[in-house]
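Contents: one structure, followed by commentary.
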Amino acid sequence: MGATTEPIPQEPMFEVEDLSSVLPMTAEVVSGHLRIGGVDMAKLARERGTALYVMDEAHIRNQLREYVKWTTFHWKDCETIFAGKAFMSVAMCRLVAEEGCALDVSSGGELAFAQAAGFPLERVYVHGNNKTMLELHEAIRAGVGRIVVDSFEELQRISCIAQEMGVEQGILLRITPGIKPDTHGYIQTGQNDSKFGFGLNHGLAMEAVRRAVELPGIDFAGLHMHIGSQIFALQSYSKAIEVIVHFMDEIMRETGVAVRELDTGGGLGIAYGLPDEPSTVEHYGKVIVDGIKEHVEEHDLPVPKIMVEPGRSIVANAGVTLYTAGTIKDVPGIRTYVAVDGGMTDNIRTALYDAHYEVLVADKADQPRKEVVTIAGKHCETGDLIARDVRVQPIEIGDIVCVCSTGAYCQSMASNYNKQVRPAVVFVADGESRVVVRRETYDDLLRCEVG
Ligand code: LLP
């Protein structure tokens with residue numbers, strides 16, 4: 001009698017999602033195939049081998065240009081410094097130089113890359129909380145623009161080396177503004193309990209300024225801060241800026257010295273997952289530059305040169321990692337593991353920070369992602385996973401698996417665990433691909449063995 005009220009069981013609806021927020025800007029799907037920079041990813045993977053890092057040159061350039069545009073829009077004397085730790089290669093250094101930006105190096109090794117690339121050394125900023133004497137010598141001899149000083153010992157060491165060499169070294173003092181941004185504990189750096197910089201409590205930062213001003217061989221140019229990484233809430237920057245400009249005012253009152261340069265570090269967050277909604281570079285530029293201008297005007301101080309130091313937001317979404325699916329293991333009632341030919345050696349971020357990544361099959365990119373699988377690495381660790389319980393297109397052995405948003409802190413944190421050779425890096429642009437870092441060989445692994 002009458003119509004049944006029982007719901008008719010239906011197949012769940014799956015849509016082809018828009019992955020553009022986690023993919024490079026030139027990504028497109030043509031006949032089901034993912035293309036980046038006009039290059040077919042599945043074809044590239046089969047030609048060059050996997051695992052493979054692919055970087056979209058146009059995306060990197062666009063991000064650098066966005067930073068330059070939205071900082072200088074508010075104040076002409078701004079500089080964008082690319083934080084090399086996010087992704088460092090000779091080709092990348094050259095690209096940064098071509099875009100007229102500066103470079104942050106955090107070790108002697110990164111400085112060697114800048115030198116190998118012929119990067120203009122006066123645009124190099126040297127970081128690190130325990131630079132060795134050798135690294136300091138190398139940096140000063142090379143004529144780097146600024147050393148960002150992290151301790152009293154380092155100030156003294158720079159003074160001695162610079163005098164020995166008969167030069168005056170420009171420095172910034174790294175200040176810990178006492179702000180804890182809302183991000184993973186391992187990548188918070190601006191809080192009081194930090195190994196980085198000089199704290200404002202107990203007069204440490206002011207004491208560092210006094211010494212920097214007095215010590216021979218040192219040109220005290222200004223201050224630096226870096227509150228953390230993968231930051232979504234820009235209020236953390238506003239608070240830190242208020243604190244640091246207040247400190248600039250104290251410096252002026254106590255020493256009569258004007259801070260000529262203010263580097264607010266990096267840290268702008270990016271989208272790793274589809275729900276992520278990071279701030280735009282446009283908004284960030286306004287918060288930083290307008291924030292500084294507003295506070296210095298309140299204190300009647302001159303507006304300094306303003307530097308920003310982004311790493312992740314330049315390269316993360318520019319990159320993908322391609323793998324080949326090697327085994328598929330269904331653990332009944334638990335989950336399906338798809339093991340690929342890489343893992344924690346080329347992407348440690350999932351094991352280290354429980355990072356989330358979006359995944360797709362490179363030549364089924366027009367199909368809905370209706371399977372849930374765990375992408376596992378090939379290494380001898382249970383925690384060697386790349387993406388836990390992620391949605392992906394129906395996947396088969398031999399498929400090319402594309403993990404999105406891996407352009408930052410993956411290649412730069414890669415290791416040779418299990419004596420795995422590290423992948424090549426390919427830049428793509430205008431339908432062409434070029435290998436900028438070749439895949440390692442077993443000979444590379446054996447090169448340092450002398451016993
Ligand atoms: N400046 C300084 C002094 C830094 O220490 C960092 C990053 C940056 C700039 C760039 O920050 P970004 O814009 O990339 O957030 N390995 C971690 C990230 C560590 C960040 C270290 N410092 C990860 O994979 O999430």
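The values are calculated or read from the model by the stated rules, or taken from the named source; none is laboratory data. Keep in mind that this is a model prediction, so the values were computed, not measured. Here the Cβ is made from the backbone with ideal geometry for all residues, glycine too, and neighbour counts use every protein chain on show. Side chains are part of the model used for accessible areas, which takes the heavy atoms of the whole protein and leaves out ligands, DNA and RNA. Shrake-Rupley method; radii C 1.70, N 1.55, O 1.52, S 1.80 Å.
The table for this structure:
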item: F196, F247, F73, ranked by accessible area, largest first (probe 1.4 Å); result: F73, F196, F247
item: T324 long-range amide H proximity, modeled H, under 5 Å; result: D341, V401
item: Accessible surface, 1.4 Å probe, highest first, among residues C404, C448; result: C448, C404
item: Binned Cα-Cα distance frequencies in the range 115-227 - 10 Å width, integer %; result: 14, 45, 30, 10, 0
item: Alpha carbon convex hull of the chain, projected area averaged over orientations, nm²; result: 27.8 nm²
item: Rg/Rg_ref, the range 321-451, where Rg_ref = 2.2 N^0.38 Å and atoms are Cα; result: 1.10
item: Accessible surface, the range 57-315, averaged per residue in Å² (probe 1.4 Å); result: 39 Å²
item: Excluding exposed DSSP-loop GluC sites (Glu not before Pro) (at most 10 other C-beta within 10 Å), longest clean stretch of the chain; result: 16-448
item: Extent along principal axes [Cα atoms of the range 57-315; Å; largest to smallest]; result: 52, 44, 34
item: I231 long-range amide H proximity, modeled H, under 5 Å; result: L268, G269
item: In Hz, Karplus ³J(HN,Hα) per residue of the range 386-394 (6.51, -1.76, 1.60; θ = phi - 60°; x = Gly, Pro); result: 9, 8, 8, 6, 9, 7, 8, 5, x
item: Relative contact order %, the chain, counting alpha carbon pairs below 8 Å whose residues are six or more apart; result: 20 percent
item: With all protein chains modelled, accessible area of V308 [1.4 Å, Å²]; result: 0 Å²
